[in-house]
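Here the structure is laid out as structure tokens; the discussion comes afterwards.
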Amino acid sequence: MISVEDFAAQADAWFAEHTPRGVPFMLPLTFMEVGTDEQFDFLRDWQNQVYRAGYLGAHWPTDYGGGGLTQKHQDAATRVMRKYNVPIMLNAIGIGWAGPLILDTGTEDEKRKYLPGILSADDIWCQGFSEPDNGSDLGNAQLKAVRDGDEYVLNGSKTWTTQGNYAKYMILLARTDFDAPNKYAGLSFFLAPMRIPGVETTKIRKLTGEYGFTQTFFTDARIPADTLMGQEGEGWKVAMRTLEYERGARGGQAGGYTISQTDPLEVVGLAKRATRNGQPALEDPVMRDRLMAQMIEGQAMMANRERAKIMPLVMERPFALPMLSKLQFTEYARETGELALELEGAQSGYYVGEAGSREDGYWQRSYLNAFSATIGGGTSQIQRNIVGEHVLGLPKTR
Ligand SMILES: Cc1cc2nc3c(=O)[nH]c(=O)nc-3n(C[C@H](O)[C@H](O)[C@H](O)COP(=O)(O)OP(=O)(O)OC[C@H]3O[C@@H](n4cnc5c(N)ncnc54)[C@H](O)[C@@H]3O)c2cc1C
């Protein structure tokens, strides 16, 4: 097997040569705002290229389209992607949570059927958990799945479905039993096809003017019964496992990155270019303090990310650091954007495409989009509850 160092060096050479530059249209900063066909086609092709070169799913088994190497190889390739700030990987829900879930707990048939298409981006996945009245209270999901022979008939609606209009499959949490002893016992989990009669999506426009998610409507949509994952009534267990992948608490993701992370050094660059009272903002002692604090927090988070990989350090509370990381990284990105906007002063009011905007409104767009990750996959408030209850052992909320 190729050494991690050699693999990383090969990846470095490949990304140096192949990373697209000077793309003539605006690329999304995260997988949650892929809003035009132009962006979609470009990113699908890019993910496919990265996969075919061997830098996505490098550690997934070869039987299912992976590279048969180790997690360390994939991590090295992902680091190189960061170094070159490559465009994001498109099929985030596939590579980040549906894929690892199927890899860990799926049947042999499910693995062979679904995993290769996830890596190549031929099969886009979306997630149908949230409903118009039930987001954080996921256990209250009401979308109805009624068994009828070899099929389930679906009725109801899901919302905030990222890439719902592009997806071929949905990981779907639905209610199969309305009389179960408690709300969790009546739920089931499906690997549901999306391109069937009775499934419709409506795009939702975001605060930033971009699109990226949909409301999804199910009207007597019939899906094969064998798309049920696990047993009927055990959907809550499968959904909770999926959320652990989504929140980064379990490894196994196919790699790459799906949200471009703000480098605080870029804000330092901005502080050199922006002015305060006629001087470079970087010379303002208060601003210097704030920038330093931001850099220190960034370093601490990176150190924690590395610590989370050292088993003896995390044995006692295996999920503690990853659970904290989701909260910290997402809030940090939002705070970094806030700081950048403060640096831009009066100019921060101009958005992408507007005369007078600085750096074509990059920071405005990045700041507004930074809220997405603090909400999706569990809001920061919910994440704090989880850390409080499961990591610190505080009393549970009712
Ligand atoms: C960009 C984006 C993409 C998304 N993509 C998907 C997707 O692909 N698939 C999908 O299924 N969902 C997706 N979501 C939905 C997301 O998971 C939900 O928005 C989230 O779970 C919150 O649910 P809600 O919007 O119904 O808010 P609510 O649950 O109504 O919460 C409203 C507010 O109350 C707070 N709150 C609620 N309950 C508590 C509590 N017990 N303790 C403390 N505070 C509480 C929340 O933190 C929040 O601030 C996406 C969301 C965003 C923003």
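The values are calculated or read from the model by the stated rules, or taken from the named source; none is laboratory data. Quick caveat: nothing in here was measured; it's all calculated off a predicted structure. Methodologically, a virtual Cβ is constructed for each residue, glycine included, from the backbone with ideal geometry; neighbour enumeration extends over all protein chains shown. For the accessible areas, the whole protein counts, side chains as well, though only heavy atoms, and no ligand, DNA or RNA atoms are used. Shrake-Rupley method; radii C 1.70, N 1.55, O 1.52, S 1.80 Å.
Quick look at the values:
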| read-out | value |
| --- | --- |
| Residue match in the stretch 315-335 (condition: assigned to a helix (DSSP H, G or I) and open to solvent by 80 Å² or more (accessible area, probe 1.4 Å)) | no |
| Residues of the stretch 34-50 classified as under 20 Å from Lys83 (Cα atoms) and buried (at least 18 other Cβ atoms within 10 Å of the Cβ), total | 4 |
| First in the stretch 267-292 and of a type in the set (Asp, Glu), second anywhere and open to solvent by 20 Å² or more (accessible area, probe 1.4 Å) and not in a loop (DSSP other than H, G, I, E, B), Cβ under 9 Å, 6 or more apart | Glu283/Arg276; Asp284/Arg276 |
| Answer from Phe25, Phe31, Phe7 - the residue that is on the phi < 0 side of the Ramachandran plot, among the hydrophobic types (A, V, I, L, M, F, W, C), touching a residue at least 12 places away in the same chain (Cβ under 8 Å) and surrounded by fewer than 16 Cβ atoms within 10 Å (Cβ to Cβ) | Phe25 |
| Selected residue (criterion: least open to solvent (accessible area, probe 1.4 Å)) from residues of the stretch 342-351 that are in contact (Cβ under 8 Å) with a residue 12 or more places away in the chain and in contact with a Gly (Cβ under 9 Å, 6 or more places away or on another chain) | Tyr351 |
| Leu394 being assigned to a helix (DSSP H, G or I), hydrophobic (A, V, I, L, M, F, W, C), at pLDDT 90 or above and within 16 Å of the ligand (Cβ to nearest atom) | no |
| Subset of the stretch 352-386 (residues that are within 12 Å of the ligand (Cβ to nearest atom), in contact (Cβ under 8 Å) with a residue 12 or more places away in the chain and among the aliphatic types (A, V, I, L, M)) | Leu368, Ala370, Ala373, Ile382, Ile386 |
| Looking only at the stretch 112-164, and only at residues there that are within 21 Å of the chain's Cα centre (by Cα), acidic (Asp, Glu) and crowded, with 16+ Cβ neighbours inside 10 Å, the one that is nearest to the ligand (Cβ to nearest atom) | Glu131 |
| Contacts under 6 angstrom Cβ, first residue in the stretch 131-155 being closer than 18 Å to Gln215 by Cβ, partner at pLDDT 95 or above and open to solvent by 80 Å² or more (accessible area, probe 1.4 Å), 6 or more apart | Asn155/Lys144 |
| Of all residues making up the stretch 290-332, the number that are among the acidic types (Asp, Glu) and under 22 Å from Ala370 (Cβ atoms) | 2 |
| Residues within the stretch 99-111 that are in a helix (DSSP H, G or I), touching a residue at least 24 places away in the same chain (Cβ under 8 Å) and open to solvent by 10 Å² or more (accessible area, probe 1.4 Å), tallied | 5 |
| Checking Trp46 against (1) without any contact (Cβ under 8 Å) to a residue 60 or more places away in the chain; (2) part of a loop (DSSP other than H, G, I, E, B), the condition it does not meet | (2) |
| Residue in the stretch 343-351 that is hydroxyl-bearing (Ser, Thr, Tyr) and within 16 Å of the ligand (Cβ to nearest atom) present | no |
| Residue in the stretch 210-231 that is within 16 Å of the ligand (Cβ to nearest atom), open to solvent by less than 40 Å² (accessible area, probe 1.4 Å) and outside any strand (DSSP E or B) present | yes |
| Selection status of Asp63, away from the ligand (no atom under 16 Å from the Cβ), surrounded by fewer than 21 Cβ atoms within 10 Å (Cβ to Cβ) and without any contact (Cβ under 8 Å) to a residue 24 or more places away in the chain | no |
| Among the residues listed as Val286, Val314, the single one being of a type in the set (A, V, I, L, M, F, W, C) and either more than 30 Å from Ile386 (Cβ to Cβ) or touching a strand residue (DSSP E or B) at 6+ places or on another chain (Cβ under 9 Å) (or both) | Val286 |
| Of the criteria (1) within 23 Å of Gly186 (Cα to Cα); (2) within 16 Å of the ligand (Cβ to nearest atom); (3) assigned to a helix (DSSP H, G or I), which one Ile93 fails | (1) |
